[in-house]
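Data block below; observations after.
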Amino acid sequence: MSPLLALVLFLHVMGAIITFGPTFIFPIIASQAQKSPPNGPFAAALSEVIERRVVIPGAVVQGITGVLLILILGVNPLTDAPWRWLLPAIVLYVIAILFAIFVQARNAEKMVELTANMPPGPPPAETLAEIQATGKALQRGGMLLSLLVVLIVILMVTKPTI
């Protein structure tokens, strides 16, 4: 293995761990916020900061290191049997990153806005309903993104000849 390939492969694997590892903690953060509503604004802000500053930039870097690996390995064309697994992995990656940027991140921002500057005591019914709806949207989106990441990892590890 060439030193360049080893370096890019290392960056790709470490990038995946650093980028996507924290996302599996989001459900725990949300659960704790539900158990302790006064901490909800902090939980929303923390999750949103992790998404904006770690997950999304890291996911972009993952795409770059993935393309570098394809180029270094000389994968051409992607339709050759040993490399066909890359096509569905790339499609799943594109779906995941677009969803994360255009749907999940916006829902996270909305949750931060809804929970910021809340007066003491229970929120008004309409605000509570909107917080719950946004929380459900974040939960569904998080499950979708987790599934996509797991499917991509399965393809990368097993490299099925499709």
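The values are calculated or read from the model by the stated rules, or taken from the named source; none is laboratory data. Remember, predicted model here, so these are calculated numbers, not experimental data. Cβ atoms come from the backbone with ideal geometry, glycine included; neighbour counts cover every protein chain shown. For the accessible areas, the whole protein counts, side chains as well, though only heavy atoms, and no ligand, DNA or RNA atoms are used. Shrake-Rupley method; radii C 1.70, N 1.55, O 1.52, S 1.80 Å.
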> With the chain treated as a Gaussian network of Cα nodes joined by springs under 10 Å, which of 109, 126, 51 yields the largest mean-square fluctuation?
Replying inline: 126
> What is the distance, in nm, between label points placed 7 Å from the Cα along the Cα-to-Cβ direction at residue 72 and at residue 34?
Replying inline: 4.2
> Once phi is turned into ³J(HN,Hα) by the Karplus curve 6.51 cos²θ - 1.76 cosθ + 1.60 with θ = phi - 60°, what whole-Hz value does each residue of the range 77-94 show in order, with x for glycine and proline?
Replying inline: x, 5, 8, 5, 3, x, 10, 4, 4, 5, 4, x, 5, 5, 4, 4, 4, 4
> When each pair of different Cα atoms in the range 11-55 is counted once in the 1/r mean, what is the Kirkwood radius in angstroms, to one decimal?
Replying inline: 11.1
> Reachable lysines from residue 110, Cα under 22 Å, same-chain residues fewer than 8 places away excluded?
Replying inline: 35, 136
>> Across the chain, what fraction of all alpha-carbon pairs, as a whole percent, falls in each successive 5 Å bin from zero upward?
In response: 1, 8, 16, 19, 15, 12, 9, 7, 5, 4, 2, 1, 0
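With each run of n ≥ 4 DSSP H residues scored as -39500 (n - 2.57), what mean residue ellipticity at 222 nm is computed for the chain after dividing by its residue count and rounding to the nearest 500 deg cm²/dmol? Write down the numbers at each step before the final one.
Details: 7 runs with 116 residues, N = 162.
My calculation for the chain gives -24000 deg cm²/dmol from helical runs alone.
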> Taking K and R as +1 and D and E as -1, what net charge do the other residues with C-beta under 15 Å from the C-beta of residue 152 add up to?
Replying inline: +2
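How much FRET efficiency would the formula 1/(1 + (r/R0)^6) give for residue 158 and residue 109, where r is the Cβ-Cβ distance and R0 is 45 Å, rounded to 0.05?
On the way: r = 36 Å, r/R0 = 0.80.
For residue 158 and residue 109, the calculated efficiency is 0.80.
Counting only protein heavy atoms and a 1.4 Å probe, tell me what percentage of the range 50-162's accessible area is made up of carbon and sulfur.
Values: 4790 of 6730 Å².
The C+S portion of the solvent-accessible surface of the range 50-162 is 71 percent.
Hey, what's the range 55-162 come to in accessible area per residue, 1.4 Å probe, Å²?
On the way: 6360 Å² over 108 residues.
Counting only protein heavy atoms, the per-residue value for the range 55-162 is 59 Å².
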>> Take residue 18 and residue 127, extend 7 Å from each Cα along the Cα→Cβ direction, and tell me the distance between the two endpoints in nm.
In response: 3.8
> Once both labels are modelled 7 Å past Cα along the beta-carbon direction, what's the residue 2-residue 87 spacing in nm?
Replying inline: 2.6
> Once phi is turned into θ = phi - 60°, what whole-Hz ³J(HN,Hα) does the Karplus curve with 6.51, -1.76 and 1.60 give for every residue of the range 42-58, x standing for Gly and Pro?
Replying inline: 5, 4, 5, 5, 4, 4, 5, 5, 4, 5, 6, 9, 10, 5, 5, x, x
> Considering amide H positions built from the backbone, and no H for Pro or chain starts, which residues 5 or more places from residue 84, or on another chain, come under 5 Å of its amide H?
Replying inline: 162
